[in-house]
Amino acid sequence: MTDTDTTMLKQSALVGRQAIFDQQMEVFAYELLYRDGTDNSANIMDGDEATARVMVNTFLELGIDQIAGNVQAFVNLTANFFVGRHYEVLPSKNVVLEVLESIEPTPSVLEALIQARQDGYQIALDDFILRESHRGLLDYADYVKVDVLALTDEELYEQVAMLKEYPVRLLAEKVEDRGMYNQCLGLGFEYFQGYFFCKPQILEGVSLSSNRMAIVLLLAKLQDPSIELHDLEDLVKNDVTLSVKLLRYVNSASIGLPRSVDSISQAIGLIGTERMRQWASLLVLAQTGDKPSELMRVALIRARMCESLCPLHGVSPSQGFTVGLFSILDAYFDCEMKDLLADLPLASEILDALLKREGVLGAILGAILAYERGGWNQPAIRMVEPHILKSAYWESIEWANDVMETVMIHQKQS
């Protein structure tokens, strides 16, 4: 591998993450999704060396605390990664090593897994299907990940029944909807991975509750492009809970204002109308407390990413923030996006982005969604240079974590 190849890999090392939930819908771990950025696999030139460079560069550059916080990080490894003990650059206390489904259980691989366990690492078997040739891997596994989309209902039942004979924890991956989640929960899976929590649970014939309808209407008023400063002030003041939360928030360390703020008008004057609308919208959404907190985190990451990428493409950062934040509205309210947006006086550019993924804003949102899912080879992701997208993603995660910490503290105080 030449120096030029190595530089290219370091610059384009794409790393995303996908949440893994427990039975209480709390984030148990994140799986890291990574590629070299030049192909949708690591099998180029010397694939193991390329993957090693990407992983080392990523962990050294970003740090495990920023990547996973206080939860586990699941990391896919090749056979040579195990045999060569390259995983030792990763901390054992919060990293789970995943054995790819393509790895054959050769004596050297099994010996490497024994060594990894002795080194303090936990082991997960990825996309595992129990067959006689691979049964030996179960002796060294802590977790077994089952691709539920790849199996029929009968096959899934049979696999779970056999796997329960071993002291492993079952993780259902590619759980795409609430029905599949409920099925896997009933079968005894302890952990769940997929996009089910980001999709609305549509209940036919059931309208929004009065509380949620009030929230939607408040969002609508906040997004009114013709709103005057005094109207915004009155709107916030009329909602006592929102007023208290907003004043607490603007006085928090994460905002960093030069002096304390004791009135809504003063807050608007210091922060500005547009930013005030953004924070008010965020806090309004935070009132829907029956949804997983990770959903709010995803909304914040998307909002910040859109906001930071918009200036590169000549579009409004504030509109970008709204697009990212509102991209999860359907999941928040268990309602079709088109029905929700019908009540919101949004600009046509924002509507086109959210409903059709059209326009520059739609293309930026599409790139962010592709990045979230590890779709490095999807056309949408080519909207943004890989190193810029990666940098924006991890900066947004750090920012979102800070905001979530502040919001959660204020939620408990309310």
Any hit, segment 241-252, residues being more than 31 Å from the chain's Cα centre (by Cα), β-branched (Val, Ile, Thr) and either modelled with pLDDT of 75 or more or loosely packed, with under 14 Cβ neighbours inside 10 Å (or both): no
Close pairs (6 angstrom Cβ cut-off, 6 or more residues apart or separate chains): in the same structural domain as Phe333 (by TED's automatic domain parsing) in segment 344-368, of a type in the set (D, E, K, R) and buried (at least 22 other Cβ atoms within 10 Å of the Cβ) anywhere: Ile368/Arg302
Residue within segment 132-139 that is in contact (Cβ under 8 Å) with a residue 12 or more places away in the chain and under 29 Å from the mean Cα position of the chain (by Cα) present: no
Among (1) surrounded by 17 or more Cβ atoms within 10 Å (Cβ to Cβ); (2) modelled with pLDDT of 90 or more; (3) under 30 Å from Asn182 (Cβ atoms) - the single one Ile129 does not satisfy: (1)
Filter result (surrounded by fewer than 24 Cβ atoms within 10 Å (Cβ to Cβ) and among the acidic types (Asp, Glu)) within segment 286-325: Asp290, Glu294
Top-ranked residue of segment 367-391 - restricted to ones that are assigned to a loop (DSSP other than H, G, I, E, B) and crowded, with 20+ Cβ neighbours inside 10 Å, ranked as modelled with the highest pLDDT: Val384
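Looking at segment 361-380, can you tell me whether even one residue there is among the charged types (D, E, K, R) and more than 16 Å from Met296 (Cβ to Cβ)?
yes
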Failed condition for Cys335, given (1) part of a helix (DSSP H, G or I); (2) buried (at least 20 other Cβ atoms within 10 Å of the Cβ); (3) more than 18 Å from the chain's Cα centre (by Cα): (1)
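Keeping to segment 72-89, report how many residues are charged (D, E, K, R) and assigned to a helix (DSSP H, G or I).
Applying the first criterion (charged (D, E, K, R)) to segment 72-89 yields 85, 88.
Narrowing further to those that are assigned to a helix (DSSP H, G or I): 88.
Looking only at that region, the number is 1.
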Some residue of segment 352-366 being crowded, with 20+ Cβ neighbours inside 10 Å, under 21 Å from Ala220 (Cβ atoms) and more than 19 Å from the chain's Cα centre (by Cα): yes
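Quick check on segment 341-349. Is at least one of its residues acidic (Asp, Glu), in a helix (DSSP H, G or I) and surrounded by fewer than 20 Cβ atoms within 10 Å (Cβ to Cβ)? Give the steps one after another, and end with the answer.
Narrowing segment 341-349 to residues acidic (Asp, Glu): 343, 349.
Subsequent filtering for residues that are in a helix (DSSP H, G or I) retains 349.
Checking the rest, the ones that are also surrounded by fewer than 20 Cβ atoms within 10 Å (Cβ to Cβ) come to 349.
Yes, because at least one residue in segment 341-349 is acidic (Asp, Glu), in a helix (DSSP H, G or I) and surrounded by fewer than 20 Cβ atoms within 10 Å (Cβ to Cβ).
When you look at Ser92, is it in contact with a strand residue (DSSP E or B) (Cβ under 9 Å, 6 or more places away or on another chain), assigned to a loop (DSSP other than H, G, I, E, B) and modelled with pLDDT of 65 or more, yes or no?
It is true that Ser92 is in contact with a strand residue (DSSP E or B) (Cβ under 9 Å, 6 or more places away or on another chain), assigned to a loop (DSSP other than H, G, I, E, B) and modelled with pLDDT of 65 or more.
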Some residue of segment 276-285 being surrounded by fewer than 19 Cβ atoms within 10 Å (Cβ to Cβ) and among the hydroxyl-bearing types (Ser, Thr, Tyr): no
Residue, modelled with the highest pLDDT, within segment 5-25, restricted to residues that are hydrophobic (A, V, I, L, M, F, W, C) and over 19 Å from Val75 (Cβ atoms): Met25
Test: Leu283 is in contact with a His (Cβ under 9 Å, 6 or more places away or on another chain) and modelled with pLDDT under 90: yes
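The values are calculated or read from the model by the stated rules, or taken from the named source; none is laboratory data. Fair warning: this is a prediction, and the values are worked out from it, not measured in the lab. Don't worry about glycine lacking a Cβ; one is built from the backbone with ideal geometry, like all the others, and counts go over all protein chains shown.
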